[in-house]
Amino acid sequence: MNRPHRGTIHCIDARVIDQQAWPDRQFIIRLHAPACARSAKPGTFVHVRCNPDIPMRRPLSIMRVSASEGWIEVLYKVVGHGLIALSRAEPGELVNLLGPVGRGFRPDPARPQAVLIGGGVGIPPLVFLAATLAPLPAAVAFLGSESPFPFAATTAQLPLPGTPASASACMPQLEALGIASRLASKAGLPGSYPGYVTDLARSWLATRSAADLSAMTIYACGPTPMLRAVQQLATSFSLPTQLCMEEFMACAVGGCAGCVVPVMIDGQRQMKRVCVDGPVFDGATLYAK
């Protein structure tokens, strides 16, 4: 039986170009991985061997790529000895990775208004997606974190009518792409909406017309409770969603079935692998009532 081609997953000894440390043990590492940079899509990830002495790899979402210069960037927060080891990698060192892995976001031309919602280390796939959507004027982003953001937030210059006045800060990288963004945090971060990012997005969606809503799709990535809240939000406004899941996994190539999640397809409960069937899923199939 013919099976659909999933694309090529490269095994690469990627050279560390740069590594930046951000507050609360967050790091952005840039890796020279030309084959991966050429074929990566928003929502795909790399499975990284953090150190030659640590066999278990870590799945890390791709945040930015340069196909012309041959590099990828990933953001991660240090949790456990593996990522501690990765955080100590110096420029010039080699880091083995598998990638790009998975099925990424699939923008719908029939609903060109993109609403991006990212939480914590779930922000990177949305940054990657934003870069591909940048030629389109119809994209907005809402980003939330209970830790300091892994970028230097600035006061927003691009207007985003319908958002609370308390949400005055933005991600400058998105503003440079022409995409308006606003930040949310319950940690009292300056310029951030004092609440959950889904509440911030809800306040904006409530000001949109029926015609506006009919052109929208929500794209989101973050911890499971946030994704559930995003799906509830989308359901209340009758919006489709594409949700990028964060999940622990062993092989990341579909062999071990250690990252399966239940989904509802045509009324039937099925088990799907986050690594190769996802990590991006139709939210209505993940959190069907």
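Every number here is computed from the coordinates shown, using simple stated rules; none is lab data. The structure presented is a predicted model; accordingly, all values stated were derived computationally and were not measured. Counting neighbours? That spans all protein chains shown, and the Cβs are built from the backbone with ideal geometry, glycine included.
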Selection from PRO100, LEU200, SER185 lying farthest towards where the dipole of the chain points positive, charges on Cβ: PRO100
Under the Karplus relation with 6.51, -1.76 and 1.60 and θ = phi - 60°, whole-Hz ³J(HN,Hα) for the stretch 42-51, x at Gly and Pro, equal x, x, 7, 9, 10, 9, 9, 8, 5, 7
Of PRO262, PHE248, VAL276, farthest towards positive along the dipole that unit charges on Lys, Arg, Asp, Glu beta carbons give the stretch 247-289: PRO262
Sort out for me the Cα centre separation of the stretch 34-94 from the stretch 152-172, rounded to whole Å. 30
extent check for the chain: Cα max minus min per principal axis, descending, whole Å, gives 53, 48, 34
Dipole axis of the chain (+1 Lys, Arg; -1 Asp, Glu on Cβ), positive-most option in ILE29, SER166, VAL46: VAL46
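Dividing the convex hull volume of the Cα atoms of the stretch 247-289 by its residue count, what figure in Å³ per residue is obtained?
Working: hull volume 2.8 nm³, N = 43.
Taking the convex hull of the Cα positions in the stretch 247-289, it is 66 Å³ per residue.
Taking only C-alpha pairs under 8 Å that are 6+ residues apart, what is the relative contact order of the chain in percent? Mind showing how you got there, number by number?
On the way: 671 pairs, mean separation 48.5, N = 289.
It comes to 17 percent, rounded to a whole number.
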Using modelled amide H (1.01 Å from N, peptide plane; none on Pro or chain starts), what sits under 5 Å from the amide H of ALA250, excluding residues fewer than 5 places away? GLY258
Quick one: putting +1 on the C-beta of Lys and Arg, -1 on the C-beta of Asp and Glu, what dipole do you get for the stretch 5-156 around its Cα centre, in Debye to the nearest 20? 460
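If you filter the stretch 233-289 for chymotrypsin sites (Phe, Trp or Tyr not before Pro), then keep DSSP loop positions with at most 14 other Cβ within 10 Å, what is left?
Working: sites: PHE237, PHE248, PHE281, TYR287; in loops: PHE237, PHE248, TYR287.
Those that pass, being in a loop and sparsely packed, are PHE248.
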Once Rh for the stretch 85-131 is found with the Kirkwood sum over Cα pairs, what is the Stokes-Einstein diffusion coefficient at 4 °C and 1.567 mPa s, in µm²/s? 93
Of all DSSP beta bridges in the chain, what percent run antiparallel (nearest 5)? 65
